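No value in this document is a laboratory result; all are computed from the given coordinates. A quick note: this is a predicted structure, and the numbers were derived from the prediction, not measured. Using ideal geometry, Cβ is built from the backbone for each residue, glycine included, and neighbour counts are taken over all protein chains shown.
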Amino acid sequence: MAEAVQTLIILGASGDLTARLLLPALGQLLTHEPNRRVTLLGAGSQNWTAAHWRHIVRTSFATEKASGPAVDELLASTRYVTTDVTKPDDLKALLEEAEGTPALYFALPPAVTKEVCAALTKVELPDGLRLALEKPFGTDVRSAAALNRRLAAIVPEDQVHRIDHFLGNSTVQNLFGLRFANRIFEPLWNAQHVARVDIVFDEQLGLESRAGYYDHAGALVDMIQSHLLQVLAVTAMEPPATMSAADLRDSKGLVLRATKVWGDDAIASSHRGRYTKGRIDGRVLPSYVDEEGVDPELNTETLAQVTFTVDNWRWAGVPFTLRSGKAIGKVRHEIVITFRDAQRLPTGLRGAAHPTRLRIKLGPDEMVLELNTNGPGNPRYLSRSDMHVDFGPGSMLAYGEVLAGLLDGDPSLSVRGDTAVECWRIVAPVLGAWRAGDVQLDDYAAGSEGPASWPAIP
Ligand code: NDP
């Protein structure tokens, strides 16, 4: 069992990620686990006083109504260190401030993270040091592999937490119970019985002032390359023998190694779109290209849809379509398993039989099984009935789950180095075709469902 982290050091403490996602999740975690003791050090270039930093932490904690002894203790002891995190001597001094086993959370732009990693190789490091790295992890296969090599020179792989908060999403975690603790699903969870799998994460939000990052990433890299391929891996993985990090990450790795673009044809299997001016819930969104900071020449997509195959015995021949977009009229966050048609309908049973469909929603945490039944009314006539299951919300935010893994030294919810590289390998042909201009960038109006000409997702 790994030592629990006693000091969490956030590099880039003045940033958006820290205030909006990390600190609220930490506050919630400490509220749920009042016996956990963590000292928090904020580090960065700002000349902040301890009082100002405490105010930032307190304000972020308040968004999750954080309270209790662990929260009080952290608020009393937290400190801010003004430092240049890219300098070995500064990092050494920072690490010397830590009590017990420390974790360094890189809430930094990726280029700065690389510099800090280089600096860390020149510092004598405390035992058990854990590193938490944010997305994007590299920009392609080569850069992700190079970053892995650099990290391997600092700490062992099990101490590296590549954060993907989708793995902390409560519904993604519910997949383990649903798939592996019910006799009725797993025997059908294969190409013999499943016709297609779709994983959709459409949101109503537009750019939300994030051009600096998003305009260079786009929907494919921002969502599919990282989060949705991780969800695919959990959806398609073999049953692990245990819930240990080794077993879970091996099972995910096997799926991702078998995953590639459908038909090896990135042009035919992918679609990209960009929103134009439109209206969502009474709010007018400007065209993406008119958003502040956007360079229209980059041709960045705000909606991506790509079909993959998981080319192994269980899934050969089943298309897995992953889609994510901004400024879509209807929020849709779900995994859709479409089963094959019934083998034969009894003669005399009338009406259309549609495929049985399981919708597993990534918030609100619920599931709908769409079935053919023969009621109400004429019992010889088929109709459709839905079976609803409420998973109930998880007890913690997704970031709280991944932070708990980091603090406890359990990397099961973090992305292993080899799979981070695999995810770049999987999308590389699509990125190549898009950059070469081989797939046209379709317009869709903000508030619509996306380009009408694209293959529909059931
Ligand atoms: P910011 O652009 O807000 O930067 C974070 C902090 O990094 C800054 O506040 C600054 O901290 C430090 N920093 C910036 N430039 C430099 C530099 N040249 N040298 C040294 N330090 C620098 O980023 P975010 O907080 O938005 O994101 C941080 C990371 O998290 C990124 O990798 C991002 O991709 C990832 N991420 C962000 C999400 C979000 O919603 N914001 C969501 C998911 C991932 P200081 O002044 O304290 O030194």
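If the condition is being outside any loop (DSSP other than H, G, I, E, B) and either buried (at least 21 other Cβ atoms within 10 Å of the Cβ) or away from the ligand (no atom under 11 Å from the Cβ) (or both), then the stretch 1-20 contributes Thr7, Leu8, Ile9, Ile10, Leu11, Thr18.
For the stretch 118-139, how many residues meet the condition of being within 16 Å of the ligand (Cβ to nearest atom) and either more than 21 Å from Val402 (Cα to Cα) or loosely packed, with under 13 Cβ neighbours inside 10 Å (or both)?
Number satisfying all stated conditions: 4.
Please count how many residues of the stretch 21-55 are under 22 Å from Ala93 (Cβ atoms), part of a helix (DSSP H, G or I) and in contact with a helix residue (DSSP H, G or I) (Cβ under 8 Å, 6 or more places away or on another chain). First the steps, then the outcome.
First pass over the stretch 21-55, keeping only residues under 22 Å from Ala93 (Cβ atoms): 38-54.
From the residues that got through so far, the ones that are part of a helix (DSSP H, G or I) too are 50-54.
When the remaining residues are screened for being in contact with a helix residue (DSSP H, G or I) (Cβ under 8 Å, 6 or more places away or on another chain), the result is 54.
Number satisfying all stated conditions: 1.
Taking strands (runs of 3 or more DSSP E) as the structural unit, those lying wholly within the stretch 318-386 and holding at least 3 residues that are farther than 30 Å from Val261 by Cα correspond to 365-373. Number of residues in the stretch 72-108 that are within 24 Å of His55 (Cα to Cα), within 15 Å of the ligand (Cβ to nearest atom) and not aliphatic (A, V, I, L, M) equals 8. Part of a helix (DSSP H, G or I) and either surrounded by 17 or more Cβ atoms within 10 Å (Cβ to Cβ) or within 14 Å of the ligand (Cβ to nearest atom) (or both): does that describe Glu64? Considered against the rule, which asks whether it is part of a helix (DSSP H, G or I) and either surrounded by 17 or more Cβ atoms within 10 Å (Cβ to Cβ) or within 14 Å of the ligand (Cβ to nearest atom) (or both), Glu64 comes out as no. Number of residues in the stretch 195-213 that are away from the ligand (no atom under 16 Å from the Cβ) and touching a helix residue (DSSP H, G or I) at 6+ places or on another chain (Cβ under 7 Å) equals 2. Being more than 23 Å from the chain's Cα centre (by Cα), over 17 Å from Ile163 (Cβ atoms) and in contact (Cβ under 8 Å) with a residue 24 or more places away in the chain narrows it down to one residue among Val57, Val5; which is it? Unique residue meeting the criteria: Val57.
Look at the stretch 33-53: where a residue is basic (Lys, Arg), no partner that is within 12 Å of the ligand (Cβ to nearest atom) sits 6+ places away or on another chain with Cβ atoms under 9 Å. Taking the listed residues Arg272, Arg249, the one that is buried (at least 17 other Cβ atoms within 10 Å of the Cβ) and either among the acidic types (Asp, Glu) or not in a helix (DSSP H, G or I) (or both) is Arg272, with no other qualifying. Identify all residues within the stretch 20-49 that are within 15 Å of Arg79 (Cα to Cα) and within 24 Å of the chain's Cα centre (by Cα); write none if there are none. Leu23, the sole residue that qualifies.
Somewhere in the stretch 160-173, is a residue in contact (Cβ under 8 Å) with a residue 24 or more places away in the chain, loosely packed, with under 15 Cβ neighbours inside 10 Å and more than 16 Å from the ligand (Cβ to nearest atom)? No: the stretch 160-173 contains no residue that is in contact (Cβ under 8 Å) with a residue 24 or more places away in the chain, loosely packed, with under 15 Cβ neighbours inside 10 Å and more than 16 Å from the ligand (Cβ to nearest atom).
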